[in-house]
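None of the figures in this text is laboratory data; all of them are computed from the coordinates on show. Quantities reported herein were computed from a predicted structural model and do not represent experimental measurements. Here Cβ is always computed from backbone atoms with ideal geometry, including for glycine, and neighbour counts include all displayed protein chains.
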Amino acid sequence: MDAGLLLDLYRSMALCRRFEEAAAKAYSQGKISGFLHLYIGQEAVAVGAISGAEPTDYIVATYREHAHYLARTGDARAAMAELYGRSTGANGGRGGSMHLFDASKRFLGGWAIVGGHVPIAAGVAFASKYREERDVTLCFFGDGTANMGSFHEGLALAGLWKLPVVFICENNQYAMGTPLYRTMSVPDVAVRARGYPMEFEIVNGDDVLEMRDATRRAVERARKTSQPFFIEAKTYRFRGHSVADPGKYRTKEEVQKWMERDPINVLGQRIQTLGIASAEQLRGLDDEAKAQVADAVEFAEQSPLPEPQSVCEYVYA
Ligand SMILES: Cc1ncc(C[n+]2csc(CCOP(=O)(O)OP(=O)(O)O)c2C)c(N)n1
Ligand SMILES: [Mg+2]
């Protein structure tokens, strides 16, 4: 076990958690508007998977993408300012929570249309293959997305053209208020990959190391053989679908059961058992994450809104 790596993963997950807690607070104070979909509980998926890829591999994600953006860029200021709609945000304040983007870091969204980004990810992978570059594309999406036509279109093209893309299904058991068993005839989304055909693996999405290892294998395989791969990560979101959702369709017991496998606690326990750091040292890392988030909030609050006369910039007409 690489002690430095485990602490980095812990730090990264703590940053995501604290970032979103602060975002939820700012939202409730009316400082952030629009939609806000929290990822709390799922951090091991984004942090583990992205740490298992090279920084030059592409990432395409959904509207629940704060953690993916932070795991790739580490830039809490640009993310928070974007949520606040400020000109210093990742997209100059025009995209908001659902549209984080940083082309220089190969983070290609932040997409709000469920499933719309799956063919886009296939297209990014097609471009890499066509240009004979060795980069792999990671495409994140939810369980509900696997019922969208565009999901099947993206996988079909990736299978047909043998594209270097790793599809990562974050099975958090719900699409908004609808449990997966009411919309899908099989309990595992991953079996759908067989049809294209595509190899797959089902992993514990609350175990950051398992996520990292599975993604590393899939990414290196895609890089070497130019074959797509499908990972299904079993996980759970602790909060509602968005901050506007009280989540009444789930029992307290169900939420409690999943919270027992809180990915940050799971890794924290492992770090302590291995004698890499004490509980107090882990609290220190958490305090650093809180301080970084407090700085990001202050940065966002002090940043200007975009200039009104720039309203037509970046607009196709
Ligand atoms: C095409 C389309 N239909 C409906 C919506 C509204 N919507 C937003 S998220 C969502 C559920 C998606 O569930 P899942 O894929 O499981 O992702 P999760 O939110 O659980 O991360 C729906 C129906 C949308 N954004 N786009
Ligand atoms: Mg879901």
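Can you tell me how much longer the chain between K25 and E280 gets when fully stretched, taken as 0.36 nm per residue apart minus their C-alpha distance, in nm with one decimal?
Using 0.36 nm per residue and subtracting the Cα-Cα distance, I get 89.2 nm.
Select from K234, K252, K31 the residue whose mean-square fluctuation is largest in a Gaussian network model of the chain (Cα-Cα springs shorter than 10 Å).
The residue with the greatest mean-square fluctuation here is K252.
If I model a spin label at Q309 and R217 as a point 7 Å from the Cα along the Cα→Cβ vector, what separation in nanometres do I get?
A separation of 5.9 nm, rounded to one decimal place.
Using Cα springs under 10 Å in a Gaussian network model of the chain, which residue among E153, E253, E201 shows the largest mean-square fluctuation?
E253
If each of N265 and K162 carries a label point 7 Å out from its Cα toward its Cβ, how far apart are those two points in nm?
4.7
If amide H atoms are built 1.01 Å from N in the plane of the peptide, which residues on other chains or at least 5 residues away come under 5 Å of the amide H of V203?
Those qualifying (amide H under 5 Å, at least 5 residues apart or on another chain) are E232, A233, K234.
Would you kindly state how much longer the chain becomes between E254 and D2 on full extension, computed as 0.36 nm times their sequence separation minus their alpha carbon distance, in nm to one decimal?
So the extension gain works out to 87.3 nm.
Which one of F200, Y27, I113 has its Cα pushed farthest toward the positive end of the charge dipole of region 3-303, where Lys and Arg give +1 and Asp and Glu give -1 at the Cβ?
I113
List the lysines whose Cα sits under 24 Å from the Cα of K129, skipping any in the same chain fewer than 8 residues away.
K105, K162, K224
Please identify, among M176, M80, M98, the residue showing maximal mean-square fluctuation in a Gaussian network model of the chain using a 10 angstrom Cα cutoff.
Residue with maximal mean-square fluctuation among M176, M80, M98: M176.
Going highest first, how would you order 62-71, 110-119, 235-244, 159-168 by mean Cβ packing within 10 Å?
By packing density, highest mean first, the sequence is 62-71, 159-168, 110-119, 235-244.
Residues of region 57-97 with backbone nitrogen within less than 16 Å of a virtual label 7 Å along the Cα-to-Cβ line of S33, please, listed as ranges.
It comes to 82-87, 93-97, nothing else.
Suppose a student asked you for the relative contact order of the chain, using Cα pairs under 8 Å spaced at least 6 residues apart; what percent would you report?
So the answer I get is 24 percent.
Calculated from DSSP H runs of 4 or more alone, at -39500 (n - 2.57) each and per residue, what is the 222 nm mean residue ellipticity of the chain, nearest 500?
-14000 deg cm²/dmol
Nearest 0.05, what FRET efficiency do Q302 and S104 give at R0 = 30 Å with Cβ-Cβ as r? All intermediate terms of the calculation are to be shown ahead of the outcome.
Working: r = 24 Å, r/R0 = 0.80.
In this case the efficiency is close to 0.80.
In nm, to one decimal, how far is the R131 label point from the A294 one, both placed 7 Å along Cα→Cβ?
4.3
For region 153-169, what does the Karplus curve 6.51 cos²θ - 1.76 cosθ + 1.60, with θ = phi - 60°, yield as ³J(HN,Hα) per residue in whole Hz, taken in order and with x for Gly and Pro?
Running phi through 6.51 cos²θ - 1.76 cosθ + 1.60 with θ = phi - 60° gives 4, x, 5, 4, 5, 5, x, 5, 8, 6, 9, x, 10, 10, 8, 10, 8 Hz.
Could you put L267, L138 in order, starting from the residue whose Cβ has the fewest other Cβ atoms within 10 Å?
Fewest-to-most Cβ neighbours within 10 Å comes out as L267, L138.
Would you please give the FRET efficiency between T56 and A244, computed as 1/(1 + (r/R0)^6) with r the Cβ-Cβ distance and R0 = 51 Å, to the nearest 0.05? Could you put the intermediate results ahead of the total?
On the way: r = 37 Å, r/R0 = 0.72.
Approximately 0.85, to the nearest 0.05.
Arranged by the count of other C-beta atoms within 10 angstrom, fewest first, what order do T178, T215 take?
T178, T215
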